[in-house]
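Working notes for the structure below.
Since every read-out is calculated from the coordinates, none of them should be taken as a lab result. Just so you know, these numbers come straight off a predicted model, no measurement behind them. As a convention, Cβ positions derive from the backbone with ideal geometry for all residues, glycine included, and neighbour counts pool all protein chains shown.
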Amino acid sequence: MGDRTDLETLFHERVGDGVVLLTMNRPDRGNGVVPEIARDFVTALDQLEADRSVRCLVLTGAGRQFSAGADLKAMREYLDRELPVTGEPYNARVIFPVIQRVVASRLPIIAAINGGATAGGLDLALACDIRIASTAAKLGETYINLGLPPGNGGTWFLPRLLGSGMAAELVLTGDVIDAARALEIGLVNRVVEADELIPTAVELAMRIAAKSWRAVEAAKQSLRSTWQVDLATTLATNYWAAAALHPGPDVSEGVDAFLERRTPAFNRTPARED
């Protein structure tokens, strides 16, 4: 552990070569995505994306919950005070930018789901590239239980991850499922014991960080683009992304290492202008 940076509602620290652990730190309110935590989240992403030595993030929550989504006490105050005036849905200007930034980030992001991840908290985990859950995790698209449809990307992410039928079941029932069921339906990649959650996520992040950073960024962009375009466009995008990387040093090193049966020695601290 080292190089810890504390913001008001979250902190981040280096936990390995190229890997940063980002922790939402508002456990008394379930790490709900409120304006303060959204602001700090975007600030942290700005800082970390600008640092070329950072190549993968692990996101988790302090305390017993990953994120409970909206702070319902704050939502109650909003409904009592502001709704007749603004007519806007609660948190509309808060969580949308966070979800979009996670999806668009150049950095792969692994959600280490340590406890409850419901409503907007689940949507935040869905926006990440990979999800690893503790055996203590509980996950649910619970908006319907508040009389609301999902509002932060769940209806976009879930059908792509689970298929339309399972997505509909989670959305329309608002059921909260345990980690074993989440793994069974493909909502998470792995389930581990609570004390193994962060080490497992960091180990995976370090494996990703050891790859060519150019290839990782291109691969993440390509994976995201497949959600919006057809196969032919995806194939063309993949082809030209690879072609753009062929002249660079990483492809040559990767091919040589494979042929020589050794671990590739990619440049992990590129010059800023790269």
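So what's the gap between the Cα centers of segment 27-68 and segment 249-269, to the nearest angstrom?
33 Å
Show me, for segment 134-146, the HN-Hα J-couplings you get by feeding each phi into the Karplus relation (A = 6.51, B = -1.76, C = 1.60, θ = phi - 60°), rounded to Hz, glycine and proline as x.
Karplus-based 3J(HN,Hα) across segment 134-146 equals 6, 4, 8, 5, 10, 10, x, 8, 8, 4, 4, 6, 9 Hz.
Estimate the FRET efficiency between ARG81 and VAL251 by the formula 1/(1 + (r/R0)^6), using the beta-carbon distance for r and 45 Å for R0, to the nearest 0.05. Working shown, then result.
Numbers: r = 57 Å, r/R0 = 1.27.
For ARG81 and VAL251, the calculated efficiency is 0.20.
Assuming R0 = 30 Å, what is the FRET efficiency of SER53 and ASP195, from their Cβ-Cβ distance, to the nearest 0.05?
0.60
For the chain, what are the per-bin percents of Cα-Cα distances with bins 10 Å wide, up to the bin holding the maximum?
Spelled out per bin, shortest first, that is 7, 28, 34, 22, 8, 1, 0.
Who wins for biggest fluctuation among ASN25, ASN189, ASN152 in a Gaussian network model of the chain, springs between alpha carbons below 10 Å?
ASN189
Using a simple spin-label model with points 7 Å from Cα along the Cα→Cβ vector, what separation in nm is obtained for ASP6 and GLU260?
The modelled label-to-label distance comes out at 4.6 nm.
Report the full-extension gain for the segment GLU203 to THR135: residue separation times 0.36 nm, less the Cα-Cα distance, to one decimal in nm.
22.7 nm
Given contacts defined as C-alpha pairs under 8 Å and at least six residues apart, what's the relative contact order of the chain, whole-number percent?
Reported relative contact order: 17 percent.
Quick check: net charge around ARG14, other residues with Cβ under 9 Å of its Cβ, Lys/Arg +1 and Asp/Glu -1?
-2
At a Cα cut-off below 25 Å, give the lysines reachable from LYS138, other chains included and same-chain residues fewer than 8 away excluded.
Those lysines meeting the cut-off are LYS73.
So which DSSP H runs in the chain come out at 20 Å plus along the axis (Cα) with average Kyte-Doolittle of at least 0.5?
Passing helices, by number: 231-245.
Give, in nm to one decimal, the length gained when the segment between ALA180 and SER164 is fully stretched (0.36 nm per residue of separation minus the Cα-Cα distance).
Taking 0.36 nm per residue and subtracting the Cα distance, the gain is 3.7 nm.
Quickly rank 253-264, 175-186 as a protection proxy: mean count of other C-beta atoms within 10 Å, highest first.
So the peptides 253-264, 175-186, ranked by packing, come out 175-186, 253-264.
Compute the length gained on full extension between TRP227 and ASN267: take 0.36 nm times their separation in residues and subtract their Cα-Cα distance, giving the result in nm to one decimal.
11.4 nm
Please work out whether segment 104-153 counts as rounded, prolate or oblate from its C-alpha gyration tensor, where a ≥ b ≥ c are the square roots of the eigenvalues and a/c under 1.5 means rounded, while otherwise a/b larger than b/c means prolate and anything else oblate?
It is oblate, given that a/c is not under 1.5 and a/b is not larger than b/c.
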